[in-house]
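Engineer: First the structure, which I've put down as structure tokens, then a few questions once you've had a look.
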Amino acid sequence: RAIQREGVEWFYRGEFARKVEEAMRADGGIMTAADLAGYRAVEREAVTSTYRGYTVIGMPPPSSGGVHVAQILNVLENFDVRGMGEADRAHLLAEAMKLAFADRAYWLGDSDFVRVPKGLVDKGYAKELSSQIDLKRAGTVKGHGSPPGDEVFGGEKNRDDAKRLRAGLDAVGKGAAVAGDWEKHTTHIAAADAAGNVVAITQTINTAYGSKWVVPGTGVLMNNEMDDFSIAPGTPNAFGLVGAEANAVAAGKRPLSSMSPTIVLKDGRPVMTVGAAGGPRIITAVVQAIVNRVDLGMGVGAALAAPRVHQQWRPGVVYVEKAVPAGVVEELKRRGHEVEVSGGLGVAQWIVWEEGKLIGAHDPRAGGKAAGR
């Protein structure tokens with residue numbers, strides 16, 4: 001309400017910023033009002049790829065979501081996913097995820113600071129990775145691959161912006177606020193209208209209730225996104241993810257995330273807007289929603305409700321939901337996978353165009369609501 005009444009200046013340069021600094025000083029924190037005044041949103045070029053005749057548009061670095069949703073789909077495109085049995089498909093998904101997350105651990109970070117290769121989403125590179133997959137046996141992925149080409153995400157303009165950001169010289173630009181209920185970790189929102197306007201928003205304070213610290217007098221929970229940085233090579237974060245120098249902590253740098261707000265087009269027209277919550281399981285939940293719809297032809301609700309698997313390279317475990325059939329679990333073990341039965345693997349939301357109608361669905365793994373008028 002204060003932002004609505006007084007504008008974003010209240011947040012970045014006004015009363016809220018002062019309260020943050022006062023509270024930080026009182027509790028030994030290091031954030032200042034100048035940090036908020038120096039912050040600016042950065043517009044970046046989306047990651048655009050294709051999958052079986054569909055165009056997939058995703059979030060660029062410093063999120064890993066767009067890159068690795070595209071990379072996993074590119075690998076899957078080399079296989080007859082539709083013609084596979086459930087165990088074969090689960091095995092293939094796990095192997096494709098493993099290869100992508102090994103690349104994530106090494107290559108991904110804030111593209112204003114590090115070189116993130118566009119070759120990660122190259123079709124030829126995906127074909128090379130797919131040749132490493134044995135459909136009968138779990139493979140060992142020792143580390144990252146070597147994507148082709150010299151092109152990188154981001155560019156000199158972004159890097160110049162980052163330098164100005166570190167120097168504290170940026171003015172706060174115009175912003176927009178999205179009204180909604182409070183969140184306790186990550187929330188994805190999908191929105192669309194009959195005119196073809198499409199929105200995919202993922203917002204987060206990282207783990208449950210962020211840093212579990214409220215700025216007194218504001219009701220605002222502070223996040224704990226610092227956990228999304230790599231504090232040391234090979235040291236896991238709260239989600240078990242490991243990283244390297246590309247995602248090391250630096251002043252003005254934005255931490256790597258797994259957020260995967262995604263828009264899918266067919267012949268230039270939107271047919272899906274999808275995203276999820278759940279740390280690294282966001283990426284794999286979005287991939288499986290798209291595969292369930294495009295490859296398997298599942299209904300809008302069924303595609304989100306279908307049981308999921310997840311593999312993130314480190315630790316070397318395939319997580320499966322309880323609803324995955326026991327026979328599939330046993331077959332994964334027989335093929336050499338270490339398997340762990342888990343609760344819900346991500347919480348996805350989406351809207352799909354079906355026969356000229358907009359149909360929304362929320363993930364039954366958690367509370368949510370699809371509504372329209």
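Engineer: Can you name the number of the only condition in (1) open to solvent by 40 Å² or more (accessible area, probe 1.4 Å); (2) part of a loop (DSSP other than H, G, I, E, B) that N237 fails?
Structural biologist: If we test N237 against (1) open to solvent by 40 Å² or more (accessible area, probe 1.4 Å); (2) part of a loop (DSSP other than H, G, I, E, B), just (1) comes out false.
Engineer: Hey, could you check the range 37-67 for residues that are at pLDDT below 95 and open to solvent by less than 50 Å² (accessible area, probe 1.4 Å) and say which is nearest to L108 (Cα to Cα)?
Structural biologist: Taking the candidates together, the pick is V42.
A quick yes/no check of all residues on (1) touching an Asp or Glu at 6+ places or on another chain (Cβ under 6 Å); (2) at pLDDT below 95:
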{"position": "A244", "(1), (2)": "no, yes"}
{"position": "T284", "(1), (2)": "no, no"}
{"position": "R293", "(1), (2)": "no, no"}
{"position": "L296", "(1), (2)": "no, no"}
{"position": "A303", "(1), (2)": "no, no"}
{"position": "Y319", "(1), (2)": "yes, no"}
{"position": "A323", "(1), (2)": "no, no"}
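Engineer: Here are L73, L99, L108, L93: which of them is closer than 16 Å to K136 by Cβ and crowded, with 23+ Cβ neighbours inside 10 Å?
Structural biologist: Checking each option against the conditions leaves just L93.
Engineer: Still on this structure, I have one more. Between G368, G356, G372, which is of a type outside the set (A, V, I, L, M) and either touching a strand residue (DSSP E or B) at 6+ places or on another chain (Cβ under 6 Å) or modelled with pLDDT of 95 or more (or both)?
Structural biologist: Just one listed residue meets the conditions, G368.
Engineer: Right, another one. Does the range 307-314 contain any residue that is over 22 Å from the mean Cα position of the chain (by Cα), open to solvent by 20 Å² or more (accessible area, probe 1.4 Å) and of a type in the set (K, R)? Write out each step before concluding.
Structural biologist: Applying the first criterion (over 22 Å from the mean Cα position of the chain (by Cα)) to the range 307-314 yields none.
Checking the range 307-314: not a single residue is over 22 Å from the mean Cα position of the chain (by Cα), open to solvent by 20 Å² or more (accessible area, probe 1.4 Å) and of a type in the set (K, R).
Engineer: Of the residues that sit in the range 240-255 and are surrounded by 15 or more Cβ atoms within 10 Å (Cβ to Cβ) and under 21 Å from V317 (Cβ atoms), which one is farthest from the chain's Cα centre (by Cα)?
Structural biologist: Looking at the filtered set, the residue picked out is A244.
Engineer: Also: Run G217 past the list (1) of a type outside the set (V, I, T); (2) open to solvent by 40 Å² or more (accessible area, probe 1.4 Å); (3) free of Cβ contacts under 8 Å to residues at least 60 places away in the same chain; (4) in contact with a helix residue (DSSP H, G or I) (Cβ under 9 Å, 6 or more places away or on another chain) and report the number of the one that doesn't hold.
Structural biologist: (3)
Engineer: Within the bounds of the range 345-362, is there any residue that is surrounded by fewer than 17 Cβ atoms within 10 Å (Cβ to Cβ), free of Cβ contacts under 8 Å to residues at least 24 places away in the same chain and on the phi > 0 side of the Ramachandran plot?
Structural biologist: Yes, the conditions are met somewhere in the range 345-362.
Engineer: Among the residues of the range 22-43, how many are small (G, A, S) and over 18 Å from E9 (Cβ atoms)?
Structural biologist: So the answer is 4.
Engineer: Given (1) out of contact with any Asp or Glu (no Cβ under 8 Å at 6 or more places or on another chain); (2) within 29 Å of T50 (Cβ to Cβ); (3) surrounded by fewer than 17 Cβ atoms within 10 Å (Cβ to Cβ), where does P280 come up short, assuming only one miss?
Structural biologist: Going through (1) out of contact with any Asp or Glu (no Cβ under 8 Å at 6 or more places or on another chain); (2) within 29 Å of T50 (Cβ to Cβ); (3) surrounded by fewer than 17 Cβ atoms within 10 Å (Cβ to Cβ) one by one, P280 breaks only (3).
Engineer: For the subset of the range 115-145 comprising residues that are part of a helix (DSSP H, G or I) and among the hydrophobic types (A, V, I, L, M, F, W, C), which member is most open to solvent (accessible area, probe 1.4 Å)? Explain how you work it out, then say what you get.
Structural biologist: Restricting attention to the range 115-145, the residues satisfying the condition of being part of a helix (DSSP H, G or I) are 118-121, 123-130.
With the extra rule that they be among the hydrophobic types (A, V, I, L, M, F, W, C), the set shrinks to 120-121, 126, 129.
On the way: L120: 1, V121: 29, A126: 3, L129: 6 Å².
Filtering the range 115-145 for residues that are part of a helix (DSSP H, G or I) and among the hydrophobic types (A, V, I, L, M, F, W, C), the one most open to solvent (accessible area, probe 1.4 Å) comes out as V121.
Engineer: Pairs, please: C-beta under 7 Å, at least 6 apart or cross-chain, first residue touching a residue at least 24 places away in the same chain (Cβ under 8 Å) and over 14 Å from D363 (Cα atoms) and in the range 291-306, second of a type outside the set (F, W, Y) and part of a helix (DSSP H, G or I)?
Structural biologist: Close Cβ pairs (under 7 Å, with a partner that is of a type outside the set (F, W, Y) and part of a helix (DSSP H, G or I)) amount to V291/L76; R293/A303.
Engineer: Check V329 against each of (1) surrounded by 17 or more Cβ atoms within 10 Å (Cβ to Cβ); (2) under 22 Å from the mean Cα position of the chain (by Cα); (3) modelled with pLDDT of 95 or more; (4) not aromatic (F, W, Y) and name the one condition it does not meet.
Structural biologist: Result: V329 passes all but (2).
Engineer: Of the conditions (1) crowded, with 17+ Cβ neighbours inside 10 Å; (2) outside any loop (DSSP other than H, G, I, E, B), E340 clears all except one; give me its number.
Structural biologist: Looking at each condition in turn, E340 falls short on (1).
Engineer: What number of residues within the range 46-57 are in contact (Cβ under 8 Å) with a residue 24 or more places away in the chain and either out of contact with any strand residue (DSSP E or B) (no Cβ under 6 Å at 6 or more places or on another chain) or over 19 Å from V114 (Cβ atoms) (or both)?
Structural biologist: Residues in the range 46-57 being in contact (Cβ under 8 Å) with a residue 24 or more places away in the chain and either out of contact with any strand residue (DSSP E or B) (no Cβ under 6 Å at 6 or more places or on another chain) or over 19 Å from V114 (Cβ atoms) (or both): 8 in total.
The values are calculated or read from the model by the stated rules, or taken from the named source; none is laboratory data. Computed from a predicted structure; not experimentally measured. We place every Cβ from the backbone using ideal geometry, glycine too, and count neighbours over all the protein chains shown. Surface areas here come from the heavy atoms of the whole protein model, side chains and all, with no ligands, DNA or RNA. Shrake-Rupley method; radii C 1.70, N 1.55, O 1.52, S 1.80 Å.
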